[in-house]
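*Asks:* Okay, here's the structure, questions in a sec.
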Amino acid sequence: MIDRATVDKILDAARIVDVVGEFVTLRKAGVNYKGLCPFHDDRNPSFMVSPAKNICHCFVCGKGGTPAGFLMEHEQITYPEALRWLARKYNIEIVEKELTDEERAAQNERESLFVVNEWARDWFHDTLKNDPDGIAIGKQYFRSRGIRDDIIERFQLGYAPQRRDALATAATAKGYQKDFLVKTGLCIENERGFYDRYSGRAIFPWLNVSGKVVAFGGRVLDSRTKGVAQKYVNSPDSDIYHKERELYGIYQAKKAIVKEDRVFMVEGYTDVIAMHQAGIENVVANSGTALSIHQIHMLHRFTSNITLLYDGDEAGIHAAMRGTDMLLAEGMNIKVLLLPDGDDPDSFARKHSTEELKKYIDDNQADFITFKTRLTVQGVTDPVKRSEGIGGIVKSISVIPDQILRSTYISDFAQRIGIKEQTLIAEMNKYIRADQEEKEKERVRESRNLGAEEATSAETGEPSTTSPPSSLTIPHPSKEGHGRSAVGAEAERLLVQELVRHGDEIIFKDVETDDGGTISLSVAQYIDFDLAQDGLQFASPLHQQILAEAVARQLADAGFKAEAYFTRHPDPQISQLATSLLFDRHQLTGRFTMPEKEGSLRQRILHLVMDYRLAILEDQLKQIQAQLRQAATNVEQTMQLMQQFKEIKEIRDALAKKLGSDLIV
């Protein structure tokens, strides 16, 4: 682990113009620089770099950040990896924090597994290129599949010799321990001896998103496939590889996925390679495993759009259907393309030019509604089977988190099959309620387990391993933290902008307290104190985290500076948000300084907090009006709501008057 002093040294040395300039052509624009954004298809320079603030920001897609944040987004690497990248660039020696013996052993073992895998990758690749059998057998196999030498290099393909202990002998001669060769899955040790897992196979290295070799796939060559139960053999799970968490080709595809804002999902290694060779690089494979939530989350870091590209046989249809609901539930936009019967992406790509392949995909990929309708509803005359097909599609729509998108799909589906939209909505709501009830049951089960654990802890005197909730939230109209209107959201954003820019600055000095003492309040402390009086919180969890951290850091660190802290934050979401709040979004050239509003900082904060409270009250009045319309026949409920409306309206009117609003009351 990199110690804090070294992290600070790296961040102080890193210059945003140097870092961005390695990936983007920049030209001077006043005191700043600008260029084409590397995160979207940018035709007019919208990516701005501020040397003074040491940050960058795109005014179209909103991406950017500090040097470390930019690298994390552009290279899709972790925060520690970005720090190491910067350390190498600026020749800074990294000082590791002292680890415990257990931590050091675990870290050393993981690093050893990576080292062994990287050596094996190079050994397999060198064998393919230079060994007589590698050239005659391995390379001939790849050439028979139409794979060019440049693609062999890009994917570092290799060959494992026929001799059962060829790698084992070479590795032990180089000093690699048997234990690590077994743990990576490169070798097997049992009653039959110590021998290679992949002998006589074509080798496909698996690289994780950072480019480290985590595993291998080995394919029996065509002349030996008859009667072979396992055409492919893959690395077993290890400390550095879990198949459900990795995607083949993700490292080679990640930049293209970001650029195209779409990923193609295929089934196998050769499908990925053939697509790359055809000029389509935004493609990955899950290689026979069911799509997992971890893989979906990985892809969602790059894009929300996915096309499932499989062959048109029964297995391909099953693969396309599998995981659809999981993708939809995670907010992915799905299209499906089944290739003509008898073709898979590998064979189809080899038979067509790049232009023909791209045109075929564009013309034939269909949204998941169209795909499922063709498969389960279209042409089905049996009422029961047709009803089951319709129900399955409605259930898929019900898991989509975006309410507007759900409504759009339901409306479109109703028109396609000629059923009333309200009928489908009623059916969809059943699925939504059932899902909510299941989640509530799960929550209750977890609460009971937690209660039992805490009760056990109380009886035994041992501390509970689960942290207790920090507070209990009592639902109350004046304390809701959700459902802000556009006005409320903007008021919240402006408050968070002040937190990032001035959160550490004192706006109340030596205020007397009830016990006769005095206290000084910074911007962050005042906002937190004021909102806490009524149990209010920011609607956005990210905004609330910024407020909480600003207050906590100021108490812990007398030298706390909000702007530096949040723009350098290891969480890329916070760093990116802080960066965007420091830029004037209405100014694309010249100085990146947001003109301060008239009046002192304290006046601005007081006014913004009241604006925020006023927006919350307005939202509550609208909610009560909606409830009144629904409770028209319930006299008792109507009277309660009217009294509540009257009380909140009086508070709203007084606050509006205090703000000098011209609101008609």
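The values are calculated or read from the model by the stated rules, or taken from the named source; none is laboratory data. It should be emphasised that the depicted structure is a prediction, and the values quoted were computed from it without experimental measurement. Ideal geometry is used to build each Cβ from the backbone, glycine not excepted, and the neighbour counts take in all protein chains shown. Please note that ligands, DNA and RNA were not included when accessible areas were found on the heavy atoms of the full protein model with its side chains. Shrake-Rupley method; radii C 1.70, N 1.55, O 1.52, S 1.80 Å.
*Asks:* Leaving out ligands and nucleic acids, and using a 1.4 Å probe, what accessible area per residue does the range 191-308 come to in Å²?
*Replies:* For the range 191-308, the solvent-accessible area averages 35 Å² per residue.
*Asks:* Any idea what the dipole of the chain comes to, in debye rounded to 20, about its Cα centre with Lys/Arg Cβ at +1 and Asp/Glu Cβ at -1?
*Replies:* It comes to approximately 1900 debye.
*Asks:* Of the accessible area of the range 180-298, with the probe set at 1.4 angstrom, what percent is carbon plus sulfur?
*Replies:* In the range 180-298, the share of accessible area belonging to carbon and sulfur is 45 percent.
*Asks:* With a 1.4 Å probe and all protein chains in place, put Glu81, Glu498, Glu647 in order of accessible area, largest first.
*Replies:* Descending accessible area places them as Glu647, Glu81, Glu498.
*Asks:* Got a sec? What order do Asp346, Asp557 fall in by accessible area at 1.4 Å, biggest, i.e. largest, first?
*Replies:* Greatest to least solvent exposure: Asp557, Asp346.
*Asks:* Can I ask one more? If ligands, DNA and RNA are left out, what is the accessible area of Asp510 with a 1.4 Å probe, given in Å² to the nearest 10?
*Replies:* Answer for Asp510: close to 110 Å² accessible.
*Asks:* Evaluate 2.2 N^0.38 Å with N set to the residue count of the range 1-67, then give the Cα radius of gyration divided by it.
*Replies:* 1.20
*Asks:* Normalised radius of gyration for the range 128-180, please: alpha carbon Rg relative to 2.2 N^0.38 Å, two decimal places.
*Replies:* Cα-based Rg divided by the globular estimate yields 1.33.
*Asks:* Next question, about the same structure. When all alpha-carbon pairs of the range 32-76 are counted, what percent fall beyond 17 Å?
*Replies:* Cα-Cα pairs in the range 32-76 separated by more than 17 Å: 23 percent.
*Asks:* Still on this structure, I have one more. Where does the chain land on Rg/Rh, using Cα atoms and the Kirkwood Rh?
*Replies:* Expressed as Rg/Rh, it is 1.01.
*Asks:* With labels modelled as points extended 7 Å from the Cα through the Cβ direction, what inter-label distance (nm, one decimal) is found for Val444 paired with Lys351?
*Replies:* According to this spin-label approximation, the distance is 5.7 nm.
*Asks:* Sticking with this structure for a sec: Would the range 489-576 count as rounded, prolate or oblate if I go by the C-alpha gyration tensor, calling it rounded below 1.5 in a/c and otherwise prolate when a/b exceeds b/c, oblate otherwise?
*Replies:* oblate
*Asks:* Given points 7 Å out from each Cα along the Cα-Cβ axis, report the Asp362 to Arg110 separation in nanometres with one decimal.
*Replies:* 4.4 nm
*Asks:* Quote the FRET efficiency, to the nearest 0.05, computed for Glu437 versus Asp402 with a Förster distance R0 of 22 Å and r equal to the Cβ-Cβ distance.
*Replies:* Approximately 0.55, to the nearest 0.05.
*Asks:* Over what distance in Å are the Cα centres of the range 332-393 and the range 404-435 separated?
*Replies:* 21 Å
*Asks:* Additional query: List the residues whose amide H sits under 5 Å from the amide H of Val283, counting only those 5 or more places along or on another chain, with H placed 1.01 Å from N in the peptide plane.
*Replies:* Phe264
*Asks:* Which pairs, out of Lys178/Lys243; Lys254/Lys359; Lys28/Lys254; Lys212/Lys254; Lys28/Lys53, put more than 18 Å between their alpha-carbon atoms?
*Replies:* Pairs exceeding 18 Å: Lys178/Lys243; Lys254/Lys359; Lys28/Lys254.
*Asks:* Related question: Over the range 1-152, what relative contact order in percent results from Cα pairs under 8 Å that are six or more residues apart?
*Replies:* 18 percent
*Asks:* A further question on this structure: How much of Trp119 can a 1.4 Å solvent probe reach, expressed as accessible area in Å² and rounded to 10?
*Replies:* So the heavy atoms of Trp119 present about 40 Å² to solvent.
*Asks:* In terms of the ratio Rg/(2.2 N^0.38 Å) built on C-alpha atoms, what value belongs to the range 377-434?
*Replies:* 1.07
*Asks:* Also, quick follow-up: Spelling out what I want: for every residue of the range 195-205, take phi, set θ = phi - 60°, compute 6.51 cos²θ - 1.76 cosθ + 1.60 (Karplus), and round to whole Hz; glycine and proline get x.
*Replies:* Computed from phi, the couplings for the range 195-205 are 8, 6, 7, 10, 3, x, 10, 6, 10, 10, x Hz.
*Asks:* Scanning the chain for helices, which whole DSSP H stretches are 30 Å or more long along the axis (Cα) and average -0.5 or more by Kyte-Doolittle?
*Replies:* 601-630
*Asks:* Which of the lysines could a cross-linker bridge to Lys430, judged by Cα under 23 Å and excluding same-chain residues fewer than eight apart?
*Replies:* Excluding near neighbours in sequence, the set is Lys372, Lys385, Lys395, Lys420, Lys439, Lys441.
*Asks:* Rg to Rh for the range 137-210: what is it, with Cα atoms only and Rh by Kirkwood?
*Replies:* In the range 137-210, Rg relative to Rh is 1.03.
*Asks:* Quick one: ranking Asp362, Asp126 by accessible area, 1.4 Å probe, largest first, what do you get?
*Replies:* Listed by decreasing accessible area, they come as Asp362, Asp126.
*Asks:* Starting from the Cα-Cα distance between Leu221 and Glu490, subtract it from 0.36 nm times their residue separation and give me the gain in nm to one decimal.
*Replies:* 90.7 nm
*Asks:* Taking 60 Å as R0, compute the FRET efficiency from the Cβ-Cβ separation of Asp341 and Arg602 and round it to 0.05.
*Replies:* Efficiency for this residue pair is about 0.25.
*Asks:* If I ignore ligands, DNA and RNA and count only protein heavy atoms, how much of Val258 is accessible to a 1.4 Å probe, in Å² to the nearest 10?
*Replies:* Approximately 20 Å² of Val258 is accessible to the 1.4 Å probe.
*Asks:* Next up: On a full-extension model of 0.36 nm per residue, what is the gain between Arg192 and Glu22, subtracting their alpha-carbon distance, rounded to one decimal in nm?
*Replies:* 55.9 nm
*Asks:* Here's another thing I want to ask about it. Normalised by the residues of the range 246-315, what does the relative contact order come to in percent, with Cα pairs under 8 Å and at least six apart?
*Replies:* Once divided by the residue count of the range 246-315, the mean separation gives 43 percent.
*Asks:* Loop only by DSSP, 12 or fewer other Cβ within 10 Å of the Cβ. Give me the trypsin sites (Lys or Arg not before Pro) in the range 15-94 that pass, ordered by residue number.
*Replies:* Arg43
*Asks:* May I ask you to list the aspartates and glutamates whose Cα is less than 20 Å away from that of Lys351, ignoring any residue fewer than eight positions away on the same chain?
*Replies:* Asp149, Asp150, Asp222, Glu267, Asp271, Glu281, Asp311, Asp313, Asp341, Asp343, Asp362, Asp363
*Asks:* Based on the Cβ-Cβ distance from Gln640 to Thr423, what FRET efficiency comes out when R0 is 60 Å, to the nearest 0.05?
*Replies:* FRET efficiency, Gln640 to Thr423: 0.95.
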